[in-house]
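The values are calculated or read from the model by the stated rules, or taken from the named source; none is laboratory data. None of these values were measured; they are calculated from a predicted model. Here the Cβ is made from the backbone with ideal geometry for all residues, glycine too, and neighbour counts use every protein chain on show. We work out accessible area using only protein heavy atoms, side chains counted, and drop any ligands, DNA or RNA first. Shrake-Rupley method; radii C 1.70, N 1.55, O 1.52, S 1.80 Å.
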Amino acid sequence: MNEFDGFVDEIRDLGGITFIKLNTPTGYRQVTINKKSASKEILDALEKLTRQSCIRVFGSEKPDPTTPGRMEIVPSSIEVISIAKEPLPLDPSGKTPALLDTRLDWRSLDLRNQRNRNIFKIESKLMQGMSEYFLKNDFIQVFTPSLMGAPAESGSEVFPVVYYDKTAYLRQDPQLHRELSILGGINKLFEIGPSWRAEASHTVRHLSEHRTCAAEIGYIKDENDVIKLEIEMIRHAFEFVKKSCKEELEKFGIELEVPSPDPVVLKFPEVYDIIESMGGKVKRGEDYDKTGEDLLGKYVKEKYKTDFFFVDKFPFAVKPFYVMRFDDEPEWARSVDFIYKGMEMSSGGQREHRYSKLVEQIKEKGMSFSNLEWFVKFFEYGAPTMGGFSIGIERMVMKMLNLENVREAALFPRDPERLLP
């Protein structure tokens, strides 16, 4: 005798026979109850059931290609764990569509839709594939602090929090601590964790709290070593998802493309010409906007038949103080973005490891040296060349599955309006 646990997704009473569509952790199953032969216990349980009630079914299972999950359960007993209140605030089956805001207000019910649960299975496998790549290649997983004593980049985009008798800040990105770890001799490291941005952004691609997978390596030659590492890791992770989530990807109608080991790399200032040739316009020395990003994606898709590419050699004026510039072309930085399906997934590149250059660039950016001395002082005592990147997980899953809004790829998203549930 087998046990099947789950939520009652649907009840169909056809007179002498009642069918229950049971939403189990591993998929839908049909429970078939013949009222003439069923026990009084089963009939009493059936009388109480409402949609989304939680039950435990004991019985035998037999193949039936016409039923959900292609298996039919003939119950010997049914245990009612809890009865769902009526009416439901939304229809988890999706037959009655609900707005995304309503779905997120009732997220636990929304997740009972297996399509929505599959998002997080795929997300989990993506993270597993990323971690597997790093661990197989002798990276050390680290955990850097979420609380900062001072903003690392721009104070206008950080969340202040009360920290005893002081003000602390939720990290935008713990990249500076990853650099300090390289200085400590941890030459290959990766990290998975949350970051926060206090931008009042209401787009389909922004979250106030998001998860990243980041890596940092020492003794690199230049930013091309970072590109090589990132594309190898993404290839491994995508192959892992493709192998582990065949059924889930099929349900989304996705034929998952794995990027080439020899990726397309576009560089400034040629990027300006490409955008202009596609009908856009960006002033030299400035960064491209979302329109420019879309045009670059379209250009690469048309010319190279791929959704993956990197952009290198950004204007230093639009990048943080810690990036390395080209010594012979100081207008440009060894800064790299990774684009997938027309959207930025990661930023990274080579970091500046020379103390005097870091001090100079902090001044050039108009930042307070005293706020960053805790970080910069270590570079006076020997520092290797280094570089790395940080990938946004929810964005990656959003584009992988062609979701309309990044909030669908966040279990309980946080944005300027949403702090509950």
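So if I check each of Phe58, Phe120, which one is outside any strand (DSSP E or B) and of a type in the set (A, V, I, L, M, F, W, C)? It would help to see each step written out before you state the result.
On the way: Phe58 fails: outside any strand (DSSP E or B).
Going through Phe58, Phe120 in turn, just one is outside any strand (DSSP E or B) and of a type in the set (A, V, I, L, M, F, W, C): Phe120.
If we only count helices (runs of 4 or more DSSP H) wholly inside the stretch 339-421, which ones have 1 or more residues that are hydroxyl-bearing (Ser, Thr, Tyr)? Before the answer, list the steps.
On the way: elements: 355-364, 369-376, 393-400.
Ranges flagged: 355-364, 369-376.
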Scan of the stretch 33-45 for residues that are touching a residue at least 12 places away in the same chain (Cβ under 8 Å), surrounded by fewer than 20 Cβ atoms within 10 Å (Cβ to Cβ) and out of contact with any helix residue (DSSP H, G or I) (no Cβ under 9 Å at 6 or more places or on another chain), ordered by number:
Asn34, Lys36, Ser39, Glu41
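May I ask you to list the residues in the stretch 103-140 that are among the aliphatic types (A, V, I, L, M), open to solvent by 20 Å² or more (accessible area, probe 1.4 Å) and farther than 16 Å from Glu191 by Cα?
First pass over the stretch 103-140, keeping only residues among the aliphatic types (A, V, I, L, M): 104, 109, 111, 119, 122, 126-127, 130, 135, 140.
Subsequent filtering for residues that are open to solvent by 20 Å² or more (accessible area, probe 1.4 Å) retains 109, 111, 127, 135, 140.
Passing the criteria: Leu109, Leu111.
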Of the residues in the stretch 281-315, how many are assigned to a loop (DSSP other than H, G, I, E, B) and within 19 Å of Thr203 (Cβ to Cβ)?
3
Can you go through Gln30, Gln52 and tell me which one is assigned to a loop (DSSP other than H, G, I, E, B) and in contact (Cβ under 8 Å) with a residue 24 or more places away in the chain?
Gln52
Hey, any hits in the stretch 159-169 for a residue that's in contact (Cβ under 8 Å) with a residue 24 or more places away in the chain and open to solvent by less than 40 Å² (accessible area, probe 1.4 Å)?
no
Would you confirm, using the coordinates I've provided, whether Phe375 is farther than 27 Å from Val397 by Cα and without any contact (Cβ under 8 Å) to a residue 24 or more places away in the chain?
no
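State which residue is farthest from His210 (Cα to Cα) when the search covers only the stretch 370-421 and only residues that are open to solvent by 40 Å² or more (accessible area, probe 1.4 Å) and charged (D, E, K, R). Spell out how you get there, then give the answer.
Pass one, the stretch 370-421, residues open to solvent by 40 Å² or more (accessible area, probe 1.4 Å): 370-371, 373-374, 377-378, 380-382, 395, 399, 402, 404, 411-412, 414, 416-417, 419-421.
From what's left, charged (D, E, K, R): 373, 377, 380, 395, 399, 404, 414, 417.
Numbers: Glu373: 28, Lys377: 30, Glu380: 33, Arg395: 9, Lys399: 15, Glu404: 17, Arg414: 8, Glu417: 15 Å.
Filtering first and then ranking leaves Glu380.
Could you check how many residues of the stretch 285-305 are over 17 Å from Phe338 (Cα atoms) and surrounded by 12 or more Cβ atoms within 10 Å (Cβ to Cβ)? Full working, then the answer.
Applying the first criterion (over 17 Å from Phe338 (Cα atoms)) to the stretch 285-305 yields 285-286, 302-303.
Retained after the next criterion (residues that are surrounded by 12 or more Cβ atoms within 10 Å (Cβ to Cβ)): 285-286.
Within the stretch 285-305, residues that are over 17 Å from Phe338 (Cα atoms) and surrounded by 12 or more Cβ atoms within 10 Å (Cβ to Cβ) number 2.
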Say whether the condition of being farther than 30 Å from Gly69 by Cα and in contact with a Phe, Trp or Tyr (Cβ under 6 Å, 6 or more places away or on another chain) is met by at least one residue in the stretch 254-262.
yes
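Only one residue in Val282, Val336, Val271 is more than 26 Å from the chain's Cα centre (by Cα) and open to solvent by less than 20 Å² (accessible area, probe 1.4 Å). Which one?
Values: Val282 fails: open to solvent by less than 20 Å² (accessible area, probe 1.4 Å); Val336 fails: more than 26 Å from the chain's Cα centre (by Cα).
Unique residue meeting the criteria: Val271.
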Members of the stretch 61-102 found to be more than 32 Å from the chain's Cα centre (by Cα), surrounded by fewer than 13 Cβ atoms within 10 Å (Cβ to Cβ) and among the polar types (S, T, N, Q), listed by number
Thr66, Ser82
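Could you list all residues from the stretch 1-13 that are crowded, with 17+ Cβ neighbours inside 10 Å and of a type outside the set (Phe, Trp, Tyr)? Give the steps one after another, and end with the answer.
Narrowing the stretch 1-13 to residues crowded, with 17+ Cβ neighbours inside 10 Å: 4, 6-9.
Those that are crowded, with 17+ Cβ neighbours inside 10 Å and of a type outside the set (Phe, Trp, Tyr): Gly6, Val8, Asp9.
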Positions within the stretch 14-27 being assigned to a strand (DSSP E or B), farther than 21 Å from Gly94 by Cα and open to solvent by 40 Å² or more (accessible area, probe 1.4 Å), in sequence order
Ile17
Here are some residues: Leu295, Leu249, Leu256, Leu266. Which one is modelled with pLDDT of 95 or more, touching a Cys at 6+ places or on another chain (Cβ under 9 Å) and not charged (D, E, K, R)?
Leu256
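I'd like the residue in the stretch 252-268 that is surrounded by 12 or more Cβ atoms within 10 Å (Cβ to Cβ) and of a type in the set (D, E, K, R) and, out of all such residues, is nearest to the chain's Cα centre (by Cα). So that I can check it myself, show each step before the final result.
First, the residues of the stretch 252-268 that are surrounded by 12 or more Cβ atoms within 10 Å (Cβ to Cβ): 252, 254, 256-260, 263-268.
Applying the additional criterion that residues be of a type in the set (D, E, K, R) yields 257, 267.
Numbers: Glu257: 17, Lys267: 26 Å.
This residue is Glu257.
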